[in-house]
Amino acid sequence: MIVAGFSLLGFSAVDAQVAQGGREQLAPVPAEDIPELIVPKLTVKRSTPLTIIMDINGVFILKGQRISEAELVTKLKTMVKADAQQKVILEADARAPQRVIANAMKILKSTGMKNVTSTAKVTLLPGGPVKSR
């Protein structure tokens, strides 16, 4: 009975004979006889992370401008259609109550964005801290 070898990942095709329950030993293939593998280069387009600042009172700031929750959700839903893997960073004021930060994260994730993270920082805005409404 003859078993035909095949070329896979640089192994040479070799015929081997199966004789009386044993296999014939195959000689190793010299390195110079093994073809180089050609792997296509993949380029991954990485967009700049979108940073959203949230002050101590839960007010959102996008690109230096205050933005309502509804406007933010609309913008993010538009962006998710173009790139659901867009990185979004919520820079929350460290003094904000945890429930406010958790709610903000819930809002951001509800837009369909998959790559949402948060950091806590003390945010100082021009003109001093934002007063509660």
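The values are calculated or read from the model by the stated rules, or taken from the named source; none is laboratory data. Predicted model, so just to flag it, every value in this text is computed and none were measured. Cβ coordinates were reconstructed from backbone atoms using ideal geometry, including for glycine residues, and neighbour counts include every protein chain displayed.
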Open item on the list: Yes or no: region 20-41 includes at least one residue that is at pLDDT below 90, loosely packed, with under 15 Cβ neighbours inside 10 Å and polar (S, T, N, Q).
Closed with: yes
TODO: Among the residues of region 108-120, write down those that are in a helix (DSSP H, G or I) and closer than 15 Å to E91 by Cβ.
DONE: L108
Open item on the list: Can you find a residue that is surrounded by fewer than 17 Cβ atoms within 10 Å (Cβ to Cβ), modelled with pLDDT under 90 and out of contact with any Lys or Arg (no Cβ under 6 Å at 6 or more places or on another chain) anywhere in region 67-80?
Closed with: yes
Task: region 60-75 residues that are more than 14 Å from K106 (Cα to Cα), paired with ones that are of a type in the set (F, W, Y) and modelled with pLDDT under 95 (beta carbon under 8 Å, 6 or more apart) - done: R66/F60; I67/F60; S68/F60
